[in-house]
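J.: Let me give you the structure first, and then I'll get to my questions.
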Amino acid sequence: PEFLDTFQKRIDAEQKIEPTDAMPEGYRRTLVRQIGQHAHSEIVGMLPEGNWITRAPSLRRKAALLAKVQDEGGHGLYLYSAAETLGVSREQMTEELHSGKAKYSSIFNYPTLTWADIGIIGWLVDGAAIMNQIPLCRCSFGPYARAMIRVCKEESFHQRQGYEIVMTLAQGTPEQKAMAQDALNRWWWPSIMMFGPHDADSQHSDQSMAWKIKRFTNDELRQKFIDATVPQAEYLDLTIPDPDLKWNEAKQGYDHGPIDWDEFWRVVKGHGPMARDRIKDRKAAWDNGAWVREAALTHAEKRRARKMAAE
Amino acid sequence: PEFLDTFQKRIDAEQKIEPTDAMPEGYRRTLVRQIGQHAHSEIVGMLPEGNWITRAPSLRRKAALLAKVQDEGGHGLYLYSAAETLGVSREQMTEELHSGKAKYSSIFNYPTLTWADIGIIGWLVDGAAIMNQIPLCRCSFGPYARAMIRVCKEESFHQRQGYEIVMTLAQGTPEQKAMAQDALNRWWWPSIMMFGPHDADSQHSDQSMAWKIKRFTNDELRQKFIDATVPQAEYLDLTIPDPDLKWNEAKQGYDHGPIDWDEFWRVVKGHGPMARDRIKDRKAAWDNGAWVREAALTHAEKRRARKMAAE
Amino acid sequence: MAVFEAILELADDHLVLGHRISEWCGHAPMLEEDLAMPNMALDLIGTARTLYDRAAMLEGKGRSEDDMAYLRGEREYRNCLLVERPNEDFAHTMLRSLYFAAFMRPFWLATLEMTTDETVRGVAGKAEKEMAYHIRHAGEWVIRLGDGTEESARRMRDAVAALHIYTGELFESSPAATEAEAEGVLPVRADMRAAWEDVIGQVFAEALLEAPEVPYPQTGGRKGLHGEGLGHLLAEMQSVYRAHPGATW
Amino acid sequence: MAVFEAILELADDHLVLGHRISEWCGHAPMLEEDLAMPNMALDLIGTARTLYDRAAMLEGKGRSEDDMAYLRGEREYRNCLLVERPNEDFAHTMLRSLYFAAFMRPFWLATLEMTTDETVRGVAGKAEKEMAYHIRHAGEWVIRLGDGTEESARRMRDAVAALHIYTGELFESSPAATEAEAEGVLPVRADMRAAWEDVIGQVFAEALLEAPEVPYPQTGGRKGLHGEGLGHLLAEMQSVYRAHPGATW
C-alpha cells in the first residue's frame, strides 16, 4: 500500500516508469496486455491491406501500400520490444495470438473487398488509431510512450495517404465514387467501435486513467474522431452512413446515432467475418516458417562453435 | 522361333491378340511402353489445358474445356486399364512417370500462354493425335484397339471444337486474330514434331509395323496431317509459319521446310520449357492425395471387417 | 426485379462453386476424382448458365450470360459465403459440396411442385437429379474420410469446424428471394432445414462426425459482403474477358 | 525503338520480381523478414517505375508507366524467366533474389561507367547500392539455410536444382539489348559473367552448395515466351486497372 502510494505519486508527477523500476503487478499486467494487443493488431493488420498489394491499380499506389504494410510490421516490432522489457517474450505473445488467448483490434476481422477499402482504412482506421494513440505518447510507461511517438508520426502519414486515395476516388469516375461511398458505408461503424464500449460500460478505464496509461475516455476519443472526420467526408461529398448524425451547437460537437453493440461484442468475441481466416493465415506463416527460424538458429550455433574452435 | 512364326501369322491374318494369348516378350514390352506413354500423355495433357479453365472467356467455352479435360482423364483411365491387361499396375506406371523413367508426349512440355492456345491445341495437337491414333483402332492388340476407337471418336470432337475456337478468334477483333496467329506460330512446329523422327532415323518402326502395332510410318502420317491442315489454315486466313511450305504437284502433297531436330531432341530428353513444372504438378497432386487414397483403403477394410463380423 | 435478383443469387451460387471445384482440375488425389470433379463442376456451371440467361431475360436490358458472369465485380456477386470458401484440401472440398447439394436437392424438388416459372422448372427437373448425385458422391467421401485413417478423420473434423458456420446462410431468404417466394417462383429457403439436417445427420452418423453448435452463423453474401477470396477468384475468371471489351469468344 | 525495348526488358524484370516478392507480404517466416522483403520489393518496383517512364518517353506515344505495367499481356512482357518463377518457399525466394542481384549489381556498376543516357545513369547509381544490399541479405540467407539444418539444406539444394537453369538467360542480350549496347546506353550482358560467378561461388562455398552443369539453359522471356505462371500473376495485378478503363487512381 505504501509502495502503491509512492508509485501513484510518481505517476501523478508525470514521471516516466522504466522497465527496471518497481511497479505494481496490475500495472505490469495491464501494460503487457495492452502493448501485446497493440503489437498483434499491427501484425494482423498487415493482412487486410496486404490483400490488395498485388492488385493495387497503379505502381505509385502499389509502392505506397507496400511501404505502409512494412511500416506496420515495424510498429509490431517496436511494440513487441516494448512488451519484452516487461519480461514477456515475442514467442510467448505470438503463441497467445495464435491460440486466441491474446486479442487484437477487431477492425481487422472485417474483409477488404475493393480497392477503396485501402483508402478508407487509411483515412478512418488509421485516423481512429491515431486518436487513440496520440495520448499514449504521454503514457506513464517510458518504452511504450517512446514507441508510440514513432508510431504516431508514421500513422499520420498513412492517414493522409488514405485520405488522398479516397479523394482521388471521390473525384474520379461515377464507379470510383460509388466504390468510395460503399467502403465508407462498410467501415464507418466498425471505425466508431474501435474506441470501445461507452464509458459507462468500460471495465479497465478507471484504473488505467489513474495510472496514466490512458488519458481520455472512450467516448471522449470517439467524439474527437467524429468531429474531425465529418467535415473531411463533407469535403469529399461522401455521406456518412448515420442518419442521426447532426451538429450539436450546445456541445460544439456531433451527435451520432446508436451503435450496434451486439455486432461489436460478436466481433470482439471472435465471430467477425475474417476472424478465423486471419488467425489461420498468421499460423500458417508461422508454421511454414518454422524450418527457416530453426535453420537460422542452427547455423548461428555452428558458426559460434567454429569460431570458438578457431580461437 | 516356331512360336514367333505362328504369332506373326495370326498378326498377318489380322487376328486380334488378346491379353490371355501367348505373345512374344518384345511385343508385350513394346505395347506396355507405348500404351503407358499414351496414357501418361493424356494425364499430363490435362495440365496445359487445365491452366485455362479458370480464365476461359465465356461460360460456354469454360464448360466445353472442362468437359474436354475430363475426357482426357477418361482416356487415361481406359489406357491404363488396357496396359493393366498386360500385367503392369497403374501405380507402377505412375511411379515411372514421376521418376522420369516413362515418357509422355513432348508437346505437353510447351506452355499455354494465351486463350488462343486452347483452340490451337484442339485443332493441331488433337488433329495430329488423331492422325496417329486412327490406325491404332486397327492395332493388333485387342484392348488397345478397342480403347482407341472410343478415344478417337472423342478426339475428333475435340479437334472440331478447337478449330471452331480458332475460327472465332480469326474472325474476331484484330487482337484476337493476332492471338490466333501467334499461337499457330508457336504450336505449328511442335505439332509437326509429334509424328517423331524421319523414317530413316526412327528406331522402333520396323518391328512395330510388322506386328501391326503401327500401320504407317512417321513421315507418311506427318504428310497426311500437313495436307489436311494447310487448307484449314488457308480457310481461316492464318499463315503457317513455314516459308518453305508449298504444294508439290508431282506428289500431290505439300513439301515442308526443315524441322529443327535439335529442338525436338532437347524437348524429348526432358529439357522442354514446362518439363519440370509438369512433373512437379503431377507429383504434388499424387503426394497431396496420398492421405485420401490411404483413407479410402482403410475405410474399405473397416467396412469389410464389419460386414464379416456381422455375418 | 426481385425475381431477377433472386435467380441471380442462385446462379452465382452455382457458378462460384463450379469454379472452385474446377480449380482442382488435373490435381485431384486420384484419376477417378479427376473425372468426377469436372463432372460436378459441369453440372453446376450448366445450371448457372440457364439461370443467368433467365435472369437476363427478366431484367430485359439485353445482357448476356457472359455479361452477368464476367462484368460484375465482387460487391455485385450475390452468392452465399459457403460456395466461395477456398478448396483447402479434399475433405473441405467434399464437405462443401455435400452441404450445398443437401440444400439444393430439396430446394429443387420443392421448386418442381410450386414454381410458376417454366425455365426455373426446367432447371429444377435436371438439377434435382444432379444434386442427388453430388450428395451421394460427396457424402460417400465424407464417410470414407471421417471413418478412415486418423489423419483423414482429423482433416474431416477441421473441415466441419471451418465450414459449418457458413451453412446457416443457405436457409436465409434475401428480400429479393422473399419476394420471389411470395410470387410463387421459388420455394421458401427455411423450409429445407429438415431435409438438409436429415441428410447431413445420416452422413455424419456414418462418418463419426458431429455437427457443432453455431452461435453466430456467418452471412452476408446476398448483400455482396464476401470474404477476401472471391475477389481473387473473379480477378482470374474475368481477366481475359475484361482485357478484350466487346470481343466474341 | 531498340533502346526503348531494351529498357522495357529491364523494367519488366524489376516489376515482376518485385511483384513476386510482394506476394510474401504478411506471410514471411519471421517479422524481420516481413520488413526486409517489402524493402526489396520497393527497391525493385521503384527502379521499374523510373525505367518504364524512361521507356515511355523514348517511345514517344504518350503512354504512362501504368499503361506499360497494366495494359500489356503476357506475350508482351519481356522479363527473363528467372524473375517470374513462383516463390515456392523461402529458400527459392532468397536464391532467386541472389541470382538476380548478383547479375544486376555489376550490370549497374558497368552502366555507371559507360551509359550515355542520363536517366539510366541515375537509376544505376541508386540501384547499384540496392543490389549490393540484396546480395548481402539474400546471400546471408542462402548461407544460413544451406549450412543450417538437414531440411533447410535439402530445400536449398532443391532451389538450386529448380532455378539454376534460368540463370543463363541473364547473360543473353536480345537484339534490342544488343543495339542498346552498341549505342552506348547499356553494358554488354555477357560481360557480367565473371562478377556473377564470383559472388555465387563465394556464397555457395559457404552455403555448402554446388552449382550444377546446365546443358540447356531455359530462355525465351525476351521474346515473350514465358512460363504459365506469369499470365496468372498479370491477371491478378491488372484486374482493377483493366476493370476501370481510363480511370485515375
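The values are calculated or read from the model by the stated rules, or taken from the named source; none is laboratory data. All of these numbers come straight from a predicted model, not from anything done at the bench. Neighbour counts are summed over all protein chains in view; Cβ atoms, including those assigned to glycine, are modelled from backbone coordinates with ideal geometry. With ligands, DNA and RNA removed, areas are computed over all heavy atoms of the protein, side chains included. Shrake-Rupley method; radii C 1.70, N 1.55, O 1.52, S 1.80 Å.
J.: What 222 nm value per residue comes from the helices of chain B, counting each DSSP H run with n ≥ 4 as -39,500 (n - 2.57) and dividing by all residues, nearest 500 deg cm²/dmol?
T.: Calculated from helices alone, the mean residue ellipticity at 222 nm is -21500 deg cm²/dmol.
J.: Count the net charge of all other residues whose Cβ sits under 13 Å from the Cβ of C:Met30, scoring Lys and Arg as +1 and Asp and Glu as -1.
T.: Details: positive: B:Arg90, B:Arg282, B:Arg293, C:Arg144; negative: B:Glu91, B:Asp287, B:Glu294, C:Glu32, C:Glu33, C:Asp34.
Every neighbour counted, the sum reads -2.
J.: A follow-up question, please. Starting from the Cα gyration tensor of segment B:78-153, take the square roots of the eigenvalues, sort them a ≥ b ≥ c, and report rounded, prolate or oblate (rounded when a/c is under 1.5, otherwise prolate if a/b is larger than b/c, else oblate). Mind showing how you got there, number by number?
T.: Numbers: a/c = 2.83, a/b = 1.27, b/c = 2.23.
Since a/c reaches 1.5 but b/c is at least a/b, the shape of segment B:78-153 is classed as oblate.
J.: Taking the solvent-accessible surface of protein heavy atoms with a 1.4 Å probe, what is the per residue accessible area of segment B:19-73 in Å²?
T.: 25
J.: Another question, if that's okay. Can you give the Kirkwood hydrodynamic radius of the protein assembly as shown from its Cα pairs, in Å with one decimal? Each step should come with its number before you reach the end.
T.: Working: mean 1/r = 0.0307 Å⁻¹.
Its Kirkwood hydrodynamic radius stands at 32.6 Å.
J.: While we're here: Give me the distance in nm between label points sitting 7 Å out from Cα along the Cα-to-Cβ direction at C:Asp198 and C:Thr119, one decimal.
T.: Placing both labels 7 Å along Cα→Cβ, they lie 3.1 nm apart.
J.: Find the accessible area per residue for segment B:86-237; the probe is 1.4 Å, ligands and nucleic acids are left out, and the unit is Å². Could you put the intermediate results ahead of the total?
T.: On the way: 5880 Å² over 152 residues.
It amounts to 39 Å² per residue over segment B:86-237.
J.: With +1 assigned to the C-beta of every Lys and Arg and -1 to the C-beta of every Asp and Glu, and no other charges, what is the dipole magnitude of chain D about the Cα centre in debye, to the nearest 20?
T.: Dipole magnitude for chain D comes out near 360 debye.
J.: Can I ask one more? From the square roots a ≥ b ≥ c of the eigenvalues of the alpha-carbon gyration tensor of chain B, which class results: rounded (a/c under 1.5), prolate (a/b over b/c), or oblate?
T.: Values: a/c = 2.03, a/b = 1.22, b/c = 1.67.
Note, shape of chain B comes out oblate.
J.: Now for a different question. Given a 1.4 Å probe, how much area per residue of chain C is accessible, in Å²? Don't jump to the answer; show the numbers that get you there.
T.: Numbers: 8730 Å² over 249 residues.
Counting only protein heavy atoms, the per-residue value for chain C is 35 Å².
J.: Just to be sure I understand the interface: list residues from segment B:98-134 that lose 40 Å² or more of accessible area between the chain on its own and the complete protein assembly, 1.4 Å probe.
T.: Residues shielded by partner chains are B:Leu113.
J.: Just give the residues from segment D:124-145 buried by at least 40 square angstrom of accessible area in the all-chains context relative to the isolated chain, probe 1.4 Å, and say none if nothing qualifies.
T.: D:Arg144
J.: Any idea what log10 I(q)/I(0) is at q = 0.08, 0.10 Å⁻¹ for chain D, Debye with uniform C-alpha scatterers and no solvent?
T.: So the normalised log intensities work out to -0.29, -0.45.
J.: Sum up the charges of everything whose Cβ sits under 12 Å from the Cβ of D:Gly184, counting Lys and Arg as +1 and Asp and Glu as -1, but leave D:Gly184 out.
T.: Values: positive: D:Arg121; negative: D:Glu113, D:Asp117, D:Glu179, D:Glu181, D:Glu183.
That works out to -4.
J.: Residues of segment C:45-72 that become at least 40 Å² less accessible with every protein chain present than in their own chain isolated, using 1.4 Å: which are they?
T.: C:Ile45, C:Arg49, C:Tyr70
J.: Turning to a different aspect of this structure: Around A:Gly253, which amide H atoms from residues at least 5 apart in sequence, or from another chain, sit under 5 Å from its own amide H, with H modelled in the peptide plane?
T.: When sequence neighbours closer than 5 places are left aside, the close amide H contacts are A:Asn248.
J.: Work through the residues other than B:Trp189 whose Cβ is under 9 Å from its Cβ and net out their charges, Lys, Arg +1 and Asp, Glu -1.
T.: Numbers: positive: B:Arg186; negative: B:Asp242, B:Asp260, B:Glu263.
Residues close to B:Trp189 contribute a combined charge of -2.
J.: Find how many whole Å separate the alpha carbon centroid of segment A:1-48 from the alpha carbon centroid of segment C:99-131.
T.: Here the answer is 61 Å between Cα centres.
J.: Another question, then. Skipping prolines and chain starts, which residues have an amide H placed within reach, meaning under 5 Å, of the one on A:Thr173, given they are 5 or more residues away or on another chain?
T.: D:Thr248
J.: Suppose every Lys and Arg Cβ carries +1 and every Asp and Glu Cβ carries -1, with no other charges. What dipole size does segment D:97-140 come out with about its Cα centre, to the nearest 20 debye? Intermediate results must be reported in sequence, preceding the final value.
T.: On the way: 5 positive and 6 negative charges, 23 e Å.
So the dipole magnitude of segment D:97-140 works out to roughly 120 debye.
J.: In whole percent, and with a 1.4 Å probe on the protein chains, what portion of the accessible area of chain A is carbon and sulfur?
T.: Here carbon and sulfur together make up 55 percent of the probe-accessible area.
J.: Residue by residue through segment B:290-303, what is 3J(HN,Hα) from phi via Karplus (6.51 cos²θ - 1.76 cosθ + 1.60, θ = phi - 60°)? Round to whole Hz and write x for glycine and proline.
T.: 3J(HN,Hα) across segment B:290-303, in whole Hz: 4, 5, 6, 5, 5, 4, 4, 5, 4, 5, 4, 5, 4, 4.
J.: Distance between the C-alpha centers of segment D:1-59 and segment A:219-286? Whole Å please.
T.: Cα centroid of segment D:1-59 versus Cα centroid of segment A:219-286: 36 Å apart.
J.: If you don't mind, another one. Which log10 I(q)/I(0) values does segment A:103-145 give at q = 0.34 Å⁻¹ under the Debye formula, counting every alpha carbon as one identical point scatterer?
T.: Reported log10 I(q)/I(0), two decimals: -1.11.
J.: Would you look at the GNM of chain C, springs on alpha carbons closer than 10 Å, and say which of C:Ser239, C:Ser152, C:Ser174 moves the most?
T.: C:Ser239
J.: For chain A, set up a Gaussian network in which alpha carbons nearer than 10 Å are linked by springs, and say which option among A:Glu91, A:Glu154, A:Glu72 fluctuates the most.
T.: A:Glu91
J.: Moving on to the next point. Evaluate the charge dipole of chain A about its Cα centre and quote only its size in Debye, nearest 20, assuming +1 on the Cβ of each Lys and Arg and -1 on the Cβ of each Asp and Glu.
T.: Working: 41 positive and 43 negative charges, 276 e Å.
With Lys and Arg at +1 and Asp and Glu at -1, about 1320 debye.
J.: While we're looking at this one, here's another question. State the Cα centre-to-centre distance between segment A:83-119 and segment C:193-221 in whole Å.
T.: Cα centres, segment A:83-119 to segment C:193-221: 31 Å.
J.: Now a separate question. ³J(HN,Hα) across segment B:98-111 via Karplus (A = 6.51, B = -1.76, C = 1.60, θ = phi - 60°), whole Hz, x for Gly/Pro?
T.: Coupling constants for segment B:98-111: 5, 7, x, 5, 8, 9, 9, 4, 4, 4, 7, 8, 9, x Hz.
J.: Assuming R0 = 51 Å, what is the FRET efficiency of C:Phe171 and B:Glu175, from their Cβ-Cβ distance, to the nearest 0.05? If you can, show how the numbers build up before the last one.
T.: Numbers: r = 46 Å, r/R0 = 0.91.
Once the sixth-power term is evaluated, E becomes 0.65.
J.: Could you report the buried accessible area between B and D, both sides summed, computed with a 1.4 Å probe and given in Å² to the nearest 100?
T.: On the way: alone 16130 and 11720 Å², together 26430 Å².
For B against D, buried area totals roughly 1400 Å².
J.: Where in segment C:193-212 does the label zone of B:Lys302 land, with the point 7 angstrom along Cα→C-beta and an amide N cut-off under 20 Å?
T.: C:199-212
J.: At most 11 other Cβ atoms within 10 Å and a DSSP loop assignment: could you name the trypsin sites (Lys or Arg not before Pro) in segment A:1-106 that fit?
T.: Numbers: sites: A:Lys9, A:Arg10, A:Lys16, A:Arg28, A:Arg29, A:Arg33, A:Arg55, A:Arg60, A:Arg61, A:Lys62, A:Lys68, A:Arg90, A:Lys101, A:Lys103; in loops: A:Lys16, A:Lys101, A:Lys103.
Here the trypsin sites (Lys or Arg not before Pro) that fit, given the DSSP loop and packing criteria, are A:Lys101.
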